[in-house]
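Here's the structure we're looking at; comments come further down.
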Amino acid sequence: MVQRELKIRYKNSALGFFWSMLNPLITVLVMSFVFQNFLSNGVPSATAYILAAYLPFTFFQLCLMDSAQTILTALPLIRKIYFPREILPIASVISNFIHLLLALVMFVIYMLAVYIIHPGQWPFQATSVFLPVLLLINFCLSLGLSFYISAFNTFYEDVKYIVGVMTYLMFFLCPILYFEERVANSPLNQAWGGKIYMFMNANPVFALSNAYRKILIAPQKIMVDKVLVDPLPLDWRYVAWAAFVSVAILISGYSTFNRLKWKFVERP
Amino acid sequence: MAESPIVVQDLKKVFNVNASGVNSIKTALLWWKPRKKTCFDVLKGISFDVKPGECVAVIGRNGAGKSTLLSLLARVYKPTSGTATITGRAAPLLELGAGFHPDLTGMENIYFNSIILGLTRKQVKERVDEIVAFSEVADHINAPTRTFSSGMLARLGFSIAVHVDADVLLVDEVLAVGDYEFEKKCYAKIDEFRANGGTILFVSHNMQAVRKVADRCVWLHKGHIKMIGTPDEVIPLYESTPMETDAA
């Protein structure tokens, strides 16, 4: 099933699998061009920081967007043959996950290339061993939401547009284009006694984006209001919370999907 | 006496067709009103079983619930109440060529479909030549199935279904496809399938075909079983029943 998904996606494109590399690569080049030159946070290698959080976010986003159509496109098949319907969203998430892994390989290559061109601090750090943990949490979260979305979109076809808008807004609510230290040190957060920071971290995608960045690349001092601020250590409590939420979503998503799956064929 | 491979017990199926046909959240929110539901009792509690190696034909007028019955057996629908169970592997042929992805080649579709029907990749590899040969698609097997003619799709679909070693074959009105030669081949294959102990449940309007292959007939009428018996008993009655009685 996954194989079929991948095959179809690249069937008619000459560049084949290269596309899956190309998309994040071009995005990153454009973003780094803007960030390095115009929106610099006073941080060298801003690109790497953006990438570390952006790639997993793309995975999350694509999972949700793709899952919306999985049941509908397979409807002719569902009407004819029995097979476990859960396979459809699962296959879609897995194929996106493979793309994420490829993109992460690209990321490592990019980091090595930068290191060779501008030797400086060794770009990787030991905490990267926690990467699989984050990937697993991310996978559970994406799959759980995919179950919900694929099931609901089968009955209400505008769910996919709503999801599109929500993930787009989610992008700005997550520390991808900015650092979490900026949230923590923002006047708003200080006025609320740190509540805003906690609130935003309660979003599992926020916590995950931040964690990816923190474990993959050595944290740096960040300029906030022309003052250098020490990086915050990664707060594992938020990661644990994200894991809890993700598993809860996965379980409830799966049971919702199972409850609704018999109605797919009978949709209006 | 072995266990019956197909057992249908007090099977009921009700379809809810809601008249508004809401399919977006926006519409649902803006035009919210108590749902007007129309229910169709398609099957109103039928029971029968099929013995191993038996070939049973389901006949009846349009809308009698024949296709619904097959879909329920293929586990495409969930019964409203009652059970429809198949012991062993079932190969549903509800519509030929269904489940083929138009962008994949015939070969890739063979793999994909057979795996969905429960074969392993290795098993498919062993019989892929047989499937291709039987389907007579020949060189086109490596072309995307969207380029296939409907006859080719039908032959390939049938060929896959009979080669997956199913215990039970569910056939919905598909033997009429293909030219005369292929049809003959299909019947030969069905005989072979039955000789190996396979069980067949099929739906047909073609009384000649029913007479030819069926051991028993189930006559469905408006969701009820009107009669079960040998083709020689059922068909004359079925054919002599005038259309008008449908209204009754």
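Please work out which residue is modelled with the lowest pLDDT, limiting yourself to segment B:1-19 and to residues that are part of a loop (DSSP other than H, G, I, E, B) and exposed (fewer than 14 other Cβ atoms within 10 Å of the Cβ).
B:Met1
Take B:Leu29 and tell me if it is more than 27 Å from B:Arg211 (Cα to Cα) and either in a helix (DSSP H, G or I) or modelled with pLDDT of 80 or more (or both).
Answer is yes for this residue.
Mind checking which residues of segment B:104-150 are open to solvent by 70 Å² or more (accessible area, probe 1.4 Å), over 23 Å from B:Ala166 (Cα atoms) and either in contact (Cβ under 8 Å) with a residue 24 or more places away in the chain or within 12 Å of chain A (Cβ to nearest Cβ) (or both)?
B:His140, B:Asn142, B:Arg146, B:Ser150
Does A:Leu169 satisfy being open to solvent by 10 Å² or more (accessible area, probe 1.4 Å) and over 21 Å from A:Leu75 (Cβ atoms)?
yes
Determine which single condition B:Pro92 fails, assuming it passes every other condition in (1) closer than 30 Å to B:Tyr180 by Cβ; (2) in a helix (DSSP H, G or I); (3) not polar (S, T, N, Q).
Status for B:Pro92: all satisfied but (2).
Can you tell me how many residues within segment A:102-145 are of a type in the set (Ser, Thr, Tyr) and open to solvent by less than 40 Å² (accessible area, probe 1.4 Å)?
The total comes to 2.
Can you pull out the residues in segment A:86-101 that are more than 14 Å from A:Leu141 (Cα to Cα), open to solvent by 20 Å² or more (accessible area, probe 1.4 Å) and of a type in the set (A, V, I, L, M, F, W, C)?
Passing the criteria: A:Ile87, A:Ile98, A:Leu101.
I need the full set of residues from segment B:43-73 which are open to solvent by 10 Å² or more (accessible area, probe 1.4 Å) and within 14 Å of another protein chain (Cβ to nearest Cβ), in order please.
Scanning segment B:43-73 gives B:Ser67, B:Thr68, B:Ser71.
Read through the list (1) in a loop (DSSP other than H, G, I, E, B); (2) among the hydroxyl-bearing types (Ser, Thr, Tyr); (3) closer than 26 Å to A:Arg182 by Cβ, then give the number of the only condition that A:Tyr54 fails.
(1) is the only condition that A:Tyr54 fails.
Scan segment B:184-225 residue by residue and report those that are over 17 Å from the mean Cα position of the chain (by Cα) and without any contact (Cβ under 8 Å) to a residue 40 or more places away in the chain.
Correct list: B:Lys184, B:Ala188, B:Asp191, B:Glu192, B:Ala195, B:Asn196, B:Gln208, B:Arg211, B:Lys212.
If you go through segment A:187-220, how many residues are assigned to a loop (DSSP other than H, G, I, E, B) and in contact (Cβ under 8 Å) with a residue 24 or more places away in the chain?
Residues meeting the conditions: 4.
Just need a number here: residues in segment A:12-26 that are at pLDDT 70 or above and in contact with a Leu (Cβ under 9 Å, 6 or more places away or on another chain).
Matching residues across segment A:12-26 total 1.
Can you find even one residue in segment A:151-166 that is more than 14 Å from chain B (Cβ to nearest Cβ) and open to solvent by less than 20 Å² (accessible area, probe 1.4 Å)?
no
The values are calculated or read from the model by the stated rules, or taken from the named source; none is laboratory data. Everything numeric in this text was worked out from a predicted model, so none of it was measured. All Cβ positions, even for glycine, are placed from backbone atoms using ideal geometry, and neighbour counts span all protein chains on display. Heads up: the accessible areas ignore ligands, DNA and RNA and are worked out on the full protein's heavy atoms, side chains in. Shrake-Rupley method; radii C 1.70, N 1.55, O 1.52, S 1.80 Å.
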